[in-house]
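Read through the structure below, which is laid out as structure tokens, and then see the notes.
No lab work stands behind these numbers, since they all come straight from the coordinates. Quick caveat, the model's predicted, so the values are computed rather than measured. Reconstructed Cβ throughout: ideal geometry from the backbone, glycine too, with neighbour counts over all protein chains shown.
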Amino acid sequence: MEKNQLTIVGKIDNMVVERRIMNYRKDIPEELLTTKKDICDEFARHGYNPNEVIFF
């Protein structure tokens, strides 16, 4: 069985936050949304507006 991994990167100014989802499955969208929320929370902890995060 192939193990998929997905890397989500969020950026504001010069700060970059990267999270990796191991065993990623497209049929579980909550996993992706939770990871993006975790990245936004990390920016908020550093004083950034989480609504300004650019994901790529």
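Rounded to the nearest 10 degrees, the angle from helix 29-45 to the longest Cα principal axis of the chain is 20 degrees.
Calculated on the Cα set of region 5-55, radius of gyration then Dmax: 11.1, 33 Å.
DSSP loop (so not H, G, I, E, B), at most 10 other Cβ within 10 Å: list which trypsin sites (Lys or Arg not before Pro) in the chain pass both filters. List each step's numbers first, then the result.
Working: sites: Lys3, Lys11, Arg19, Arg20, Arg25, Lys26, Lys36, Lys37, Arg45; in loops: Lys3, Arg25, Lys26.
Of the trypsin sites (Lys or Arg not before Pro), the ones in loops of the chain whose Cβ has at most 10 other Cβ atoms within 10 Å are Lys3, Lys26.
For region 12-26, backbone phi angles converted through the Karplus equation (6.51, -1.76, 1.60; θ = phi - 60°) give residue-by-residue couplings of 9, 6, 9, 8, 10, 10, 10, 10, 10, 9, 8, 6, 5, 10, 5 Hz, Gly and Pro being listed as x.
Tell me the mean residue ellipticity at 222 nm calculated for the chain from its helices only (DSSP H runs of n ≥ 4, each -39500 (n - 2.57), averaged over every residue, nearest 500). Don't jump to the answer; show the numbers that get you there.
Working: 1 runs with 17 residues, N = 56.
Here the helix-only value at 222 nm equals -10000 deg cm²/dmol.
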